[in-house]
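Read-outs throughout are calculated quantities, based only on the coordinates presented, and are distinct from any laboratory measurement. All of these numbers come straight from a predicted model, not from anything done at the bench. As a convention, Cβ positions derive from the backbone with ideal geometry for all residues, glycine included, and neighbour counts pool all protein chains shown.
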Amino acid sequence: MSKLLAIRDTVNYYLYRKPVKMSRSFDGLAALIWTELDKDIITGDVFIFLNRSRTMIKVFVYEQKGFSIFYRRLDEGSFQLPAIVGDQASYRMSAEQIMYMLSGMTLEEGGYVKADKYEPLLGSSM
């Protein structure tokens with residue numbers, strides 16, 4: 001886990017469920033949050049975006065009069081998604097879920113297992 005990113009139980013974490021081009025930066029990600037998630041970007045909520053193959057992730061947040069983007073790429077494997085029911089554009093994640101997702105691990109029965117399986121995101125076509 002990163003030394004730069006603090007994960008707290010008191011924060012709302014929203015996973016955007018469609019793949020995003022990682023060339024999107026502050027304005028492009030903010031536009032997705034406003035238009036597709038209908039969320040206010042300056043509330044302090046954290047928004048998580050993945051590329052199509054889920055090897056790269058961007059974490060977007062507004063805090064202390066400015067926007068921040070945390071960008072992470074896995075050396076191998078893909079970021080694992082929590083079990084999600086429904087087809088909403090976003091999924092609210094717990095602090096524990098986001099910590100394990102960012103670490104490249106997944107929680108399964110019997111313990112934590114290294115992420116190594118790719119499954120397409122909602123809206124992806126292969």
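A few notes on this one:
- Neighbourhood net charge (13 Å Cβ-Cβ; Lys/Arg +1, Asp/Glu -1) for Val85: +1
- Applying 0.36 nm per residue to the separation of Ile69 and Ala83 and subtracting their alpha-carbon distance, the gain on full extension is 2.5 nm.
- Residue exposure sequence - Val85, Val59 - by fewest surrounding Cβ within 10 Å: Val85, Val59
- 3J(HN,Hα) couplings calculated from phi for the range 26-43 with the Karplus curve 6.51 cos²θ - 1.76 cosθ + 1.60 (θ = phi - 60°) are, in sequence order, 3, 5, x, 5, 4, 4, 4, 5, 5, 7, 9, 9, 6, 10, 8, 7, 9, 7 Hz; Gly and Pro show x.
- The range 13-114 - charge dipole about Cα centre, Lys and Arg +1 at Cβ, Asp and Glu -1, debye rounded to 20: 360
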